[in-house]
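Notes for the one structure printed next.
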Amino acid sequence: MQTHSPLQTIQHPLFAKHKLEVKIKRDDLIHPIISGNKWRKLKYNLSFAKEQGFKGALSFGGSYSNHIHALAFACYQQQLPCRGIIRGESQYAANCTLSQAQSWGMELTFVDRQTYRLRHDQAYLQELQALYPDYYIIPEGGSNELALPGVGEVIMELNEQTDFDTLMAPVGSGGTLAGLIAADNNQHQLLGVAVLKQQDYLIQEVKQLLGSNAGQHHHWQILNTFHRGGYARFSEDDCQRILAFNRQTGITFEPVYSGKMLLALLDLIEQEYFPPGHKIILLHTGGLQGLGGLSERGLIKGKDWSVPAFKADT
Ligand SMILES: *Cc1c(COP(=O)(O)O)cnc(C)c1O
């Protein structure tokens, strides 16, 4: 079904002025619903679950989680039952993300913040496994060992599509960056843009996902000054800069992940971080469904952004 996601050159006066070549890997176009890195991370997780004869999949997320949304649709497509353990109160079930997830058959369990914090705790996971026997448990964000080879296919595709110096990607839980690092094997410079504050924690997460090979990879770093106040935080000015870029290029960046990567790129270019002639790739990790939730919560003005419409039977 899917081959390579498109690679597109972005024309922009700032890039021309600094003699930079900037291209974008459009993982947001992989699938109308399961777009971006969540599709990549789930690919081998779900094939493993099916091969091993699991009767369902279970995972964790916040009430507007891109991962939960993607998992719900992917399981619906593969006719695998699924359950989401959701941080927060049951009233969130009616929000745009979770109402779609339920329309595809996902069942939800709402837990309070203390319980949600146990999502990596072995005893808690065993308890959940006892409640949902034969369900394959996928960690929050889909970031586990089986996520890495799926994300790594981005590098294989890019190697066939172009040559480049630096690849940039937003970092949430670190699974995507870890997959890129493992597959790239020191060929290029990999720049992760942390979208939340805990950067030391993120470095540890990435190293842990890389496992015993972590020490062999040197060409990566996580930039920690572009989170703009923390996860899902951004200013009106940030929004206006992203929207202006969206209008100029016809590509939709959202302000939680891809937009923070974009603003980091623009700031780095202003600081002359990249030498002339440098070839940069941005990984558009998708997540545009999240615009619906931002608009629903009044965090963005929906009319300014192309908020994807929900069609129940796509
Ligand atoms: C989850 C997500 C990320 C972060 O990926 P991690 O593997 O968690 O670091 C980036 N972009 C989008 C759109 C996401 O949904």
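Here are some notes:
- Taking all Cα pairs closer than 8 Å and separated by 6 or more residues, the relative contact order of the chain comes to 22 percent.
- Label sites at H4 and A123, each approximated as a point 7 angstrom past Cα along Cα to Cβ, lie 5.1 nm apart.
- Convex hull of the range 170-314 built on C-alpha atoms - directionally averaged projected area, nm²: 10.4 nm²
- Gyration tensor verdict on the range 37-142 (Cα atoms; rounded if a/c is under 1.5, prolate if a/b is larger than b/c, oblate otherwise): oblate
- Under-5 Å amide H pairs with V193, H placed in peptide plane, nonlocal only: A169, V171, L223
- Across the range 182-196, coupling constants 3J(HN,Hα) worked out from phi with the 6.51/-1.76/1.60 Karplus curve, θ = phi - 60°, read 4, 6, 6, 6, 6, 6, 10, 7, 10, 10, x, 9, 5, 9, 9 Hz, and Gly and Pro carry x.
- Cβ-placed point charges (K, R +1; D, E -1), dipole of the chain about Cα centre in debye, nearest 20: 400 debye
- With respect to the chain, whose longest principal axis is taken over its alpha-carbon atoms, helix 199-210 is tilted by about 70°.
- Overall size of the range 83-150 from C-alpha positions, given as principal axis extents largest first: 31, 30, 21 Å.
- Highest mean packing comes first when the peptides 92-100, 148-156, 255-263, 217-225 are listed by Cβ atoms within 10 Å, giving 255-263, 148-156, 92-100, 217-225.
- Entry for the chain at q = 0.08, 0.10, 0.14 Å⁻¹: log10 I(q)/I(0) = -0.34, -0.54, -1.10, Debye formula applied to identical alpha-carbon scatterers, no solvent contribution.
- Of all DSSP-defined beta bridges confined to the chain, some 10% are antiparallel rather than parallel.
- Degrees, to the nearest 10: 37-51 long Cα axis against longest axis of the chain: 40 degrees
- Expressed as a whole percent, the accessible area of the chain that falls on carbon and sulfur atoms is 49 (1.4 Å probe).
- Averaged over its residues, the chain has an accessible area of 45 Å² per residue, based on protein heavy atoms and a 1.4 Å probe.
- In terms of its C-alpha gyration tensor, the range 108-147 has an oblate overall shape, because the principal axis ratio a/c (a ≥ b ≥ c, square roots of the eigenvalues) is not below 1.5 and a/b does not outweigh b/c.
- Solvent-accessible surface (1.4 Å probe) assigned to D134 amounts to roughly 80 Å².
- Helical runs (DSSP H, four residues minimum) scored at -39500 (n - 2.57) apiece and divided by the length of the chain put the mean residue ellipticity at 222 nm at -12000 deg cm²/dmol.
- Helix 66-77 and the longest principal axis of the C-alpha atoms of the chain enclose an angle of approximately 60°.
- The distance from the alpha carbon centre of the range 246-311 to that of the range 27-54 is 23 Å, rounded to a whole number.
The values are calculated or read from the model by the stated rules, or taken from the named source; none is laboratory data. Quantities reported herein were computed from a predicted structural model and do not represent experimental measurements. So basically every Cβ, Gly included, is an ideal-geometry build from the backbone, and we count neighbours across all protein chains shown. What goes into the accessible areas is simple: the full protein's heavy atoms, side chains included, and nothing from ligands, DNA or RNA. Shrake-Rupley method; radii C 1.70, N 1.55, O 1.52, S 1.80 Å.
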